[in-house]
1. Sort 13, 213, 342 so that the residue with the fewest other Cβ atoms within 10 Å of its own Cβ comes first and the one with the most comes last.
2. Binned at 5 Å from 0, what are the whole-percent values of the Cα-Cα distance distribution for segment 320-378, short to long?
3. Rounded to whole Å and sorted largest first, list the principal axis extents of the Cα atoms in segment 286-349.
4. Which cross-chain or sequence-distant (5 or more) residues have an amide H under 5 Å from the amide H of residue 192, H modelled 1.01 Å from N in plane?
5. For the chain, what are the per-bin percents of Cα-Cα distances with bins 10 Å wide, up to the bin holding the maximum?
6. With the chain treated as a Gaussian network of Cα nodes joined by springs under 10 Å, which of 96, 160, 64 yields the largest mean-square fluctuation?
7. Find, to one decimal place in angstroms, the Kirkwood hydrodynamic radius of segment 206-302, where the mean of 1/r is taken over every pair of different Cα atoms and then inverted.
8. Using a ≥ b ≥ c from the Cα gyration tensor of segment 71-189 (square roots of the eigenvalues), is it rounded, prolate or oblate, where a/c under 1.5 gives rounded and otherwise the larger of a/b and b/c decides, a/b for prolate?
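Please treat every number below as a calculation from the coordinates, not as lab data. Just so we're clear, the structure is a prediction, and the values are computed from it rather than from any experiment. Methodologically, a virtual Cβ is constructed for each residue, glycine included, from the backbone with ideal geometry; neighbour enumeration extends over all protein chains shown.
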Amino acid sequence: MRTLISVLAGAGLLFGAYVISFGVPERLASYLGAAAGAEAAPSAEARPGGGAGRPGGRGGATSVVLAPLEARPHDLVLRTIGSATSLRNVEVVASVSGEVAEVRMAANASVAKGDVLLRLDDRAQRLAVEIAETERDEAQASLNRYNTLKDNGNLTITDVAMAEAEVALRLAEANLALAQVALEDRTIRAPMSGRLGLSTLETGTYVSAGTALVTIDDSSALIAEFEVPERSIGLLEVGRVVQVGTPTYVGRVFEGVITAFDSRLDSVTRSATVRARIDNSEGELLSGMTFAVRMIEETEPLPVVPSTAVTWDRSGAGIWVSDAGRVTRHPVAIRYREGDQLWVETDVPLGAQIVAEGAAKLREGAQVNDAAEARPSA
């Protein structure tokens, strides 16, 4: 007996759930109406909205929320991380060895091309220049004396002697030029304009040829380098604007422009390296900073539906379209998702009334009414 009661109670609960979800079946409703006779009519009319359907329905119709199908473009946003280097940078290296006699390399100071950065002890080189100048002057005097004697008809000055005097002068001039180059090498100048980095050199320090002395960065613009995955290669175009941000300036967005990108994908990461130039005329950004890079592209307008409008079955995703109060299901292909909005591809024409809410309880050919219209006016 207890088992029978449990079975009947379970069946009653299932029937009640079915009636709440789909309404009273039409055959059962007609049978109950015939059995009740004329006395049942007033009670049906007394219910708000009338009918034997689910509460709020009319004539067995299911209450749903309808909305017209609209189209909007979607913003494709690619987010990636990159690092930046200065537009131009150089590491100043000593070309000769020697003891530091003077240092003019204040950290973070701005310098112009040709400014003196450092001087090495140049006493020996100055003496070498003086000796070379003396030898040059002596060779020039000998050649001038030979020319004067020859012009006065002195036959002792042969052509061979004149040629030897001219060669001696040329050698003396070449030695003087070499001595001047050696002297100039003792003074190290800025090869470009920019901002100096840190240096530990002091007066009296001995440096060897090839020693790195200081770095110079031209940070009037930065070059951000980042990776773009294979699926987003279509976004790459020289001149495209990218938006970059840095943890140093939270909330601020800087703009950059793509200047170059690799012609092939990395075989391991399946991504391409991209470079973008960022204006830094204000000097707020430093070389080596990490940037969050965003690239945005607006697609062509596509139909947009709320996520509650899409249902799934064995054939895939679909939406319900209402035509004269009857619904039919149409397949859709989901292209993009943002929050509770879906951009889809479908053959449903724009402006058609789709079921925005309540789609999960529908079946093909079911009768529906708009809950907004069924709601009693104030």
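1. Going from least to most buried by this count: 13, 213, 342.
2. Distribution as computed: 4, 15, 24, 23, 18, 11, 4, 2, 0 percent.
3. 65, 24, 17
4. 114
5. So the P(r) values, bin by bin, are 4, 13, 12, 12, 11, 9, 9, 7, 6, 5, 4, 3, 2, 1, 1, 0.
6. Of 96, 160, 64, the most mobile in the Gaussian network model is 160.
7. Radius from the Kirkwood sum: 15.5 Å.
8. prolate
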